[in-house]
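Shown next, in structure tokens, is the structure this report addresses.
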Amino acid sequence: MTRAPHSGNGGMGTALPRAFLVTTPEEFRQTLDRAEQAARPYAAVSSQRRSEFLQAAARAVRQAGSALVSAAMRETGLTEARLTGEVERTASQLEFFARTVLEGSWVDARIDRARPDRTPVPKPDVRSMRVPLGVVAVFGASNFPLAFSTAGGDTASALAAGCPVVVKAHPAHPETALLAAEALEHAAHETGMPEGTFGIVFGEGPHLGQELVKHPAVRAVGFTGSRAGGLALEQVARARPVPIPVYAEMSSVNPVVITSRAARREGLPRGLAASITGSGGQLCTQPGLVFIPAGADGDALLGAVAEQVRQAEPCALLTPAIQDAYLQGIQRVTTLPGVHVHAAAGGPALATPAVIEVTLEDFQRHPALSQENFGPSSVAVRYRHVDDLPEVITRLEGQLTATLHADPDELPDLTALCQALIDRAGRFVFNGYPTGVEVGAAMVHGGPYPATTDGVTTSVGSHAMHRFTRLMAYQNLPDAALPAALQDANPLHLWRQVDGEWTNKGLTPGP
Ligand code: NAP
């Protein structure tokens, strides 16, 4: 890689010099060739060894922890506490996938045994499971330089699924990306993974990323970033001679609805304001749209939230482009008629946390108010009747999350509202906050378009591995020729569906 001088935001509003890495065309070709050559041998690596690789990667990330935190602080301006937490999240996410791979039932093995005596035609033996797709290209996120970037969720889930990964490093944090890549390469070497199992390319501008998506070795793409970027890459993927899936996680305003009874809760203003302004509001699940009742309870809640938000420190956002987009977004909505702004004081170089108040009627008049403005602001929509909300929610774009604050005994009267929120989002949160995405088997971090490009998967949790696999059926193969997951004796001790029943036992002789 070539190091060229580059000057970036450096976070905290200061311009710090930093080294910027550029992959040459020859290095790009070699990285993709190596990844392509690794695809078959890596897919054949046993689940035990793949799990060991992911465990080693987690150790390597922890070992590099303080260097990763220092580099990411310099490059993003995120705080030490936040980034230290992100190191641990990245490592424990790799461990989570290591356990998932070892447990093994994620491959969804199904066996329909033969019935040669069935009439009028004999039934064949059909067995299916998930198999790896091949090389996966990963575009890391600017806002999670560790947990959603080079060694983050997309990379971990693709490696866990048996796919080599080539990361396109985010240009906003190249040194952090390099350190994380070195940790993964070290782990791959230590555990004897095929050369090319992990690779990374560096550069800025659309050309490099688009060449990566066009490359014939690449079979799927994981992306977190802007809607424009995700949709551009999806178009490139669709225009290939052989189109490939792009799993892009893009924009979301994460609506929150608060009933009058819930509005009176102590602690709600503090919790909501923290969720709006935490990490400079640069979280994909940040609540950018809050429905607050009109009347005294709502007035008191909004006043208290606005006061908390006013006390939040103005901050520099991740990159100059994100900062400019935020300030322009604020300018766009605050000049609309009927809008009242509660904002902190801030300099022109800083992102001012803001709550923008509007009536339900004015909200419906101005589509700009329902668009994501990535940063520490939220639109507070004042509604008179909760029964008016389902129709308004139904007209929102697809979201990563939707949240309801209500007393449990109100739920029977809120069925239409709940259904509208569930219909629009990938995760429905009750009496909580959408920020803070737990990594676990049940988590869904996805949602209907345009929150994501595909709307049926998740980028967090064990289901995330499914994105990088395809279903493969084997008909009438001799037992020894089958993958271990489908063999009669069940040597991997997996939970499998056999003739419609779940079992973790080996097969007894067929009927
Ligand atoms: P971005 O501009 O979409 O960039 C993300 C990655 O995609 C970068 O590596 C970028 O590389 C590449 N890229 C972007 N457009 C491309 C194109 N047309 N062709 C090929 N590659 C392309 O996102 P960002 O800079 O991280 O953040 C900007 C905005 O993304 C934010 O304001 C926010 O709206 C959104 N965002 C959303 C989430 C979320 O979780 N939903 C997270 C972070 C950001 P190059 O710049 O080198 O082309």
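The values are calculated or read from the model by the stated rules, or taken from the named source; none is laboratory data. No experiment lies behind these values; they were computed from the predicted model shown. Virtual Cβ from ideal backbone geometry, glycine too; neighbours counted across all protein chains shown.
Just a few scattered comments:
- Screening the candidates Q475, Q487 for the property of being more than 29 Å from the chain's Cα centre (by Cα) and crowded, with 18+ Cβ neighbours inside 10 Å yields one hit, Q487.
- Of all residues making up the stretch 101-125, the number that are of a type in the set (D, E) and in contact with a helix residue (DSSP H, G or I) (Cβ under 7 Å, 6 or more places away or on another chain): 0
- Cβ-Cβ under 7 Å pairs, at least 6 apart or on other chains, the stretch 158-173 side farther than 11 Å from A141 by Cβ, far side modelled with pLDDT under 95 and within 13 Å of the ligand (Cβ to nearest atom): V167/G140; A169/G140; P171/E204
- Put simply, of T415, T403 the only residue that is within 17 Å of E372 (Cα to Cα) and either modelled with pLDDT under 95 or not aromatic (F, W, Y) (or both) is T403.
- Output for the stretch 264-306, where each listed residue is crowded, with 22+ Cβ neighbours inside 10 Å, within 14 Å of the ligand (Cβ to nearest atom) and not in a loop (DSSP other than H, G, I, E, B): G280, G281
- Residue-level analysis places R332 among those that are within 16 Å of the ligand (Cβ to nearest atom), over 25 Å from H445 (Cα atoms) and out of contact with any Ser or Thr (no Cβ under 7 Å at 6 or more places or on another chain).
- Residue count for the stretch 271-294 under the criterion of being under 20 Å from S251 (Cβ atoms) and out of contact with any strand residue (DSSP E or B) (no Cβ under 7 Å at 6 or more places or on another chain): the result is 7.
- Failed criterion for D112 (all others in (1) more than 20 Å from R467 (Cβ to Cβ); (2) within 32 Å of the chain's Cα centre (by Cα) hold): (2)
- Test: residue in the stretch 176-193 that is more than 26 Å from S66 (Cβ to Cβ), surrounded by fewer than 24 Cβ atoms within 10 Å (Cβ to Cβ) and at pLDDT 95 or above: yes
The rows are residues; the columns are (1) within 13 Å of the chain's Cα centre (by Cα); (2) surrounded by fewer than 22 Cβ atoms within 10 Å (Cβ to Cβ).
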site	(1), (2)
D423	no, yes
G432	no, yes
G436	yes, yes
V439	yes, yes
A442	no, yes
T452	yes, no
V460	yes, no
H463	yes, yes
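- Within the stretch 441-456, residues that are at positive phi have Cβ atoms under 7 Å from residues that are modelled with pLDDT of 95 or more and not in a loop (DSSP other than H, G, I, E, B) in these pairs: G447/Q399; G447/L400; G447/A425; G447/G426, counting only partners at least 6 apart in sequence or on another chain.
- Residue list for the stretch 216-263, filter: within 20 Å of L32 (Cβ to Cβ), surrounded by fewer than 23 Cβ atoms within 10 Å (Cβ to Cβ), among the aliphatic types (A, V, I, L, M) and away from the ligand (no atom under 14 Å from the Cβ): A217, V242, I244
- If you go through the stretch 178-209 and keep only what is within 23 Å of L318 (Cα to Cα) and free of Cβ contacts under 8 Å to residues at least 60 places away in the same chain, you end up with A181, G205, P206, H207.
- Count of residues meeting criterion [of a type in the set (K, R), within 20 Å of the chain's Cα centre (by Cα) and under 18 Å from V136 (Cβ atoms)] in the stretch 176-233: 1
- Residue list for the stretch 462-483, filter: without any contact (Cβ under 8 Å) to a residue 60 or more places away in the chain and touching a Ser or Thr at 6+ places or on another chain (Cβ under 9 Å): H463
- Residues that are more than 28 Å from T469 (Cβ to Cβ), in a helix (DSSP H, G or I) and touching a residue at least 60 places away in the same chain (Cβ under 8 Å), drawn from the stretch 26-85: E27, Q63, A67, L68, A71, A72, M73, R74, E75, T76, R82, L83
- Of everything in the stretch 161-175 that is buried (at least 24 other Cβ atoms within 10 Å of the Cβ) and assigned to a helix (DSSP H, G or I), the residue that is nearest to the ligand (Cβ to nearest atom) is P174.
- Output for the stretch 46-69, where each listed residue is closer than 13 Å to R99 by Cα and surrounded by fewer than 21 Cβ atoms within 10 Å (Cβ to Cβ): Q48, R49, E52, Q55
- Filter pass, S370 being in contact with a Gly (Cβ under 6 Å, 6 or more places away or on another chain), within 16 Å of the ligand (Cβ to nearest atom) and of a type in the set (S, T, Y): no
- Residue match in the stretch 115-124 (condition: more than 23 Å from G278 (Cβ to Cβ) and in a helix (DSSP H, G or I)): no
- Of G398, G338, all but one fail to be within 18 Å of A294 (Cβ to Cβ) and not charged (D, E, K, R); the exception is G338.
- Residues of the stretch 127-160 that are within 16 Å of the ligand (Cβ to nearest atom), out of contact with any Asp or Glu (no Cβ under 9 Å at 6 or more places or on another chain), of a type in the set (A, V, I, L, M) and outside any strand (DSSP E or B): A151 alone.
- Filter pass, A169 being touching a helix residue (DSSP H, G or I) at 6+ places or on another chain (Cβ under 7 Å), among the hydrophobic types (A, V, I, L, M, F, W, C) and not assigned by TED's automatic domain parsing to the domain that holds T277: yes
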